Amino acid sequence: MIHRVIRSPFTSEVNLRLRRLIDSFNLNLHRFVPLKSTLNAEGTEVSRFVNTVANNIRQYSYLEVGVHRGKTIEAIRANNRVAVDPKPLYLRRPSQGISTFKCTSDFYFENLQDGLFDFIYLDGLHHFRQTWKDLENATRAISEFGVILIDDVIPVDRFSAVIPQRSALTLRKKAGGKSGAWHGDVFKVLLMFSKLPDNFCFGTILFKQNPRAFLFARDGNWCTFPNFSLEEISEIDKVRVESVFGFNPERLIPREFNLFTPTEAQLLLSSHINAVS
Ligand SMILES: C[S@@+](CC[C@H](N)C(=O)[O-])C[C@H]1O[C@@H](n2cnc3c(N)ncnc32)[C@H](O)[C@@H]1O
């Protein structure tokens with residue numbers, strides 16, 4: 001069996017500099033775990049998926065942007081777990097190996113010198129432009145054969161895609177809806193993906209609860225990730241949710257989003273991530 005040698009995402013010097021910077025901005029760098037676990041034994045759809053994909057890898061590192069109560073990251077079986085969230089809702093206590101950065105993703109990535117993660121899960125602010133920025137940053141922090149996962153790419157109804165979140169919920173309520181679901185306009189990331197060169201592979205995993213997107217570089221060459229112009233990004237930003245999805249009677253997802261069952265996606269991603277010699 002081939003075992004991967006993983007570079008630690010932080011040299012001690014980078015860690016120290018990041019800490020100093022965060023302190024100087026009066027932000028707290030917490031290392032803590034919940035007093036009592038908020039996690040049920042089985043974790044979440046994403047933690048189960050990542051754990052299965054990475055099953056044959058002895059050592060790997062995982063970054064999650066937007067951790068909320070930590071339900072996913074706590075159940076991830078990576079050697080190195082890093083959490084980034086301006087308002088993580090763990091209870092304060094010294095950590096069991098999750099390095100938590102209490103700051104925005106922008107701040108974290110700006111100060112990250114040479115992070116290398118094998119999985120990056122983007123689940124922060126559900127605005128297309130922010131998610132796209134997170135993604136561009138993630139392409140610089142991912143290891144060669146690493147995989148980026150993105151949450152909330154398929155809205156449940158037209159209200160779910162409205163930003164900001166408050167307006168989405170108000171509009172739905174006015175229309176008689178009760179759900180609190182909010183995906184923002186992250187779906188536009190998938191429209192951008194269709195513009196990527198062929199060495200990038202993307203897809204939409206049809207999880208039961210919430211579909212997610214994945215992206216990897218087939219040849220491990222993340223440096224070829226294009227620098228899209230502001231005009232190109234603005235063009236996509238104008239796309240209306242109704243022109244992409246059919247919400248009646250069910251949410252219909254375009255085939256162009258490359259649809260995968262979780263099992264198909266797991267096989268594809270496992271063989272990709274294990275293709276390191
Ligand atoms: C849907 S929750 C994340 C859930 C978590 N990934 C899980 O699986 O349990 C979204 C989180 O994103 C965080 N967030 C909002 N804006 C952010 C930003 N700019 N950078 C990083 N995280 C952000 C929020 O504080 C919130 O905790």
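What follows is calculated from the coordinates using simple rules that are stated; it is not laboratory data. Please read these numbers as outputs of a predicted model, since none were measured by experiment. Counting neighbours? That spans all protein chains shown, and the Cβs are built from the backbone with ideal geometry, glycine included.
Any idea how far the Cα center of the range 63-138 sits from the one of the range 175-210, in Å?
After rounding, the separation between the Cα centres reads 19 Å.
Taking the Cβ of Val50 as the center, what net charge do the other residues with Cβ under 11 Å away carry, scoring Lys and Arg +1 and Asp and Glu -1?
+1
Amide H neighbours of Arg69 under 5 Å, at least 5 residues apart or on other chains, H built in the peptide plane: list them.
Those qualifying (amide H under 5 Å, at least 5 residues apart or on another chain) are Leu89.
May I ask you to compute the full-extension gain from Glu231 to Leu259, defined as 0.36 nm times their residue separation minus their alpha-carbon distance, rounded to one decimal in nm? Working shown, then result.
Details: separation 28, 0.36 × 28 = 10.08 nm, distance 2.79 nm.
Contour length minus Cα-Cα distance gives 7.3 nm.
Could you pull out every residue, at least 5 positions away or on a different chain, whose amide H is within less than 5 Å of the one on Gln59? Hs are placed 1.01 Å off N in the peptide plane, and Pro or chain starts have none.
Arg4
For the range 180-263, max minus min Cα coordinate along each principal axis, in Å, sorted largest first?
That gives 41, 35, 23 Å along the principal axes, largest extent first.
Just to confirm the filter: which chymotrypsin sites (Phe, Trp or Tyr not before Pro) across the range 156-253 are DSSP coil and have at most 16 other Cβ within 10 angstrom of their Cβ?
Numbers: sites: Phe159, Trp182, Phe187, Phe193, Phe200, Phe202, Phe207, Phe214, Phe216, Trp222, Phe228, Phe245, Phe247; in loops: Trp182, Phe187, Phe207, Phe228, Phe245, Phe247.
In loop regions of the range 156-253 (DSSP not H, G, I, E or B), the sparsely surrounded chymotrypsin sites (Phe, Trp or Tyr not before Pro) are Phe228, Phe247.
Could you calculate the FRET efficiency of Leu252 with Lys173 from 1/(1 + (r/R0)^6), where r is the beta carbon distance between them and R0 is 22 Å, rounded to 0.05? Before the final figure, lay out each step's value.
Details: r = 24 Å, r/R0 = 1.10.
My answer for the efficiency is 0.35.
Please work out the ratio of the alpha-carbon Rg of the range 126-277 to 2.2 N^0.38 Å and round it to two decimals. Intermediate results must be reported in sequence, preceding the final value.
On the way: Rg = 16.1 Å, N = 152, 2.2 N^0.38 = 14.8 Å.
That ratio works out to 1.08.
Which entries of Lys102/Lys238; Lys87/Lys133; Lys71/Lys173; Lys87/Lys195; Lys174/Lys208; Lys102/Lys174 show an alpha-carbon separation above 30 angstrom in the structure shown? Write out the running numbers ahead of the final one.
Values: Lys102/Lys238 32 Å; Lys87/Lys133 19 Å; Lys71/Lys173 28 Å; Lys87/Lys195 34 Å; Lys174/Lys208 28 Å; Lys102/Lys174 35 Å.
From Lys102/Lys238; Lys87/Lys133; Lys71/Lys173; Lys87/Lys195; Lys174/Lys208; Lys102/Lys174, over 30 Å: Lys102/Lys238; Lys87/Lys195; Lys102/Lys174.
Using DSSP to define loop residues, name the trypsin sites (Lys or Arg not before Pro) in the range 95-137 whose beta-carbon has at most 16 other beta-carbon atoms within 10 Å.
Numbers: sites: Lys102, Arg129, Lys133; in loops: Lys102.
Sites meeting the loop and neighbour criteria: none at all.
Residue by residue through the range 151-166, what is 3J(HN,Hα) from phi via Karplus (6.51 cos²θ - 1.76 cosθ + 1.60, θ = phi - 60°)? Round to whole Hz and write x for glycine and proline.
Along the range 151-166, the couplings run 8, 6, 7, 10, x, 7, 8, 5, 5, 4, 8, 6, 10, x, 4, 4 Hz.
Return one quarter of the surface area of the convex hull spanned by the alpha-carbon atoms of the range 72-177, equal to its mean projected area, in nm². Before the final figure, lay out each step's value.
Details: hull surface 33.0 nm².
Here the figure is 8.2 nm², rounded to one decimal.
Along the Cα→Cβ direction, 7 angstrom out, place labels at Asn55 and Asn199. What is the inter-label distance in nm?
3.1
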